[in-house]
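Chemist: Would you mind keeping the following structure in view while I ask a few things?
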Amino acid sequence: MGKILIIFASSTGNTELMAEAIADYLHSYHHEVDLKTFDFDVIDMEDIEHYDAILVGTYTWDDGELPYEVEDFYDDLEDANLAGKVFGVFGSADSFYDTYGGAIDLVADRAKKLHATVVPERLKVDLDPNEADIMRCQAFADMVCTLIESKLEEKGA
C-alpha cells in the first residue's frame, strides 16, 4: 500500500477533525499514514520524496489568506519535487467571507503548478464538519487511494 503524509493547520479543531477522518479511512485500507501538524512538526521538503501522497489541511485566514503556520511550507514547496506526486488539499472555511476557502485553493494551485497529480476535489467544509462532511472526507480519501493505486501500477508496469 501507499505511504501518505497528512499535514494540517487547525485553529478551531475543525480541520484537525477532517485530517483525522481522512487518516482513519486511509488506515482502514492499510495505507501507512504520517499525521503531522504545522504547529509542532518539522516538515523537511526532502522527506516529501518518500511519500506516495501528500495531503495538506489548512483553514483560511481572513478573506482567503494562508494562515501563518502554512506560509513557510507554501514557500518551501517551490524546492520540493512534486512531479507526479499525489497531492490533495482540504480544510475548514467560513462561507461568510467573499473568498471561501482561499488558502485551500492557493496550496492546490501551487502543487498543480509544480506538476503534482492534484486530487480533483479541493475539499472545503463550512466551519465544523458534520456527519455528511465526514462522509465527504472519506470520499476524498477514496480518491487519494485510487490515485495512489494508479501511480503504483504505473511504477510496476
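The values are calculated or read from the model by the stated rules, or taken from the named source; none is laboratory data. As the structure is a computational prediction, the values presented were derived from the model and not from experiment. Cβ placement follows ideal geometry from the backbone for every residue including glycine, while neighbour counts extend to all protein chains displayed.
Chemist: Take the stretch 109-137 and flag every residue that is over 20 Å from residue 25 (Cβ atoms), in a helix (DSSP H, G or I) and touching a strand residue (DSSP E or B) at 6+ places or on another chain (Cβ under 6 Å).
Modeler: 111, 112
Chemist: Mind checking which residues of the stretch 136-157 are within 13 Å of residue 85 (Cβ to Cβ) and at pLDDT 90 or above?
Modeler: Scanning the stretch 136-157 gives 144, 147, 148, 150.
Chemist: Looking only at residues in the stretch 79-128 that are over 13 Å from the mean Cα position of the chain (by Cα) and aromatic (Phe, Trp, Tyr), which one is nearest to residue 63 (Cα to Cα)?
Modeler: The qualifying residue nearest to residue 63 (Cα to Cα) is 97.
Chemist: Do the conditions hold for residue 37, that is, is it surrounded by 20 or more Cβ atoms within 10 Å (Cβ to Cβ) and over 24 Å from residue 153 (Cα atoms)?
Modeler: no
Chemist: Just checking, how many residues over the stretch 142-153 are surrounded by 20 or more Cβ atoms within 10 Å (Cβ to Cβ) and either touching a Ser or Thr at 6+ places or on another chain (Cβ under 9 Å) or of a type in the set (S, T, N, Q) (or both)?
Modeler: Selection size over the stretch 142-153: 1.
Chemist: Let me spell it out: the conditions are (1) in a helix (DSSP H, G or I); (2) modelled with pLDDT under 95, and residue 97 meets all of them except one. Which number is the exception?
Modeler: So the condition that residue 97 fails would be (1).
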